[in-house]
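Asker: One structure coming up, written as structure tokens, with questions to follow.
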Amino acid sequence: MFDRHKKLEISPEELAVIEAALHTQSKILNVQASAGGNTARRRLNEVKRVLARLSAQKPAETRPRCRTAAGWFGRTRTSS
């Protein structure tokens, strides 16, 4: 079987632009899909899949550090 994957040389800045554009596209498709667009829902799933692959393949140092488990309480200080 032929390998159809090609390696692209993309700078971290270019990757950030692509990722931001895909996030914007997913928001637009989400609105269209909520209005009943089956094609938009299908495309939204494709965009989400690509975003997940980008996130999984990003080097660890470029991933944003966030603590999802702490939520709101992680942002507040305790007074003593």
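The values are calculated or read from the model by the stated rules, or taken from the named source; none is laboratory data. Here the structure is a predicted model, which means the values were calculated and not measured. Every residue, glycine as well, gets a Cβ built from its backbone with ideal geometry; the counts of neighbours run over all protein chains shown.
Asker: Taking the residues in region 1-26 that are loosely packed, with under 10 Cβ neighbours inside 10 Å and charged (D, E, K, R) as candidates, determine which candidate is modelled with the lowest pLDDT.
Answerer: Checked region 1-26; the qualifying residue modelled with the lowest pLDDT is 3.
Asker: Restricting to region 2-52, name every residue that is of a type in the set (Asp, Glu) and either touching a His at 6+ places or on another chain (Cβ under 8 Å) or assigned to a helix (DSSP H, G or I) (or both).
Answerer: Those that are of a type in the set (Asp, Glu) and either touching a His at 6+ places or on another chain (Cβ under 8 Å) or assigned to a helix (DSSP H, G or I) (or both): 13, 14, 19, 46.
Asker: Additional query: Take region 27-54 and flag every residue that is surrounded by 11 or more Cβ atoms within 10 Å (Cβ to Cβ), under 12 Å from the mean Cα position of the chain (by Cα) and not charged (D, E, K, R).
Answerer: If the condition is that a residue be surrounded by 11 or more Cβ atoms within 10 Å (Cβ to Cβ), under 12 Å from the mean Cα position of the chain (by Cα) and not charged (D, E, K, R), then 44, 45, 47, 50, 51, 54 are the ones that fit.
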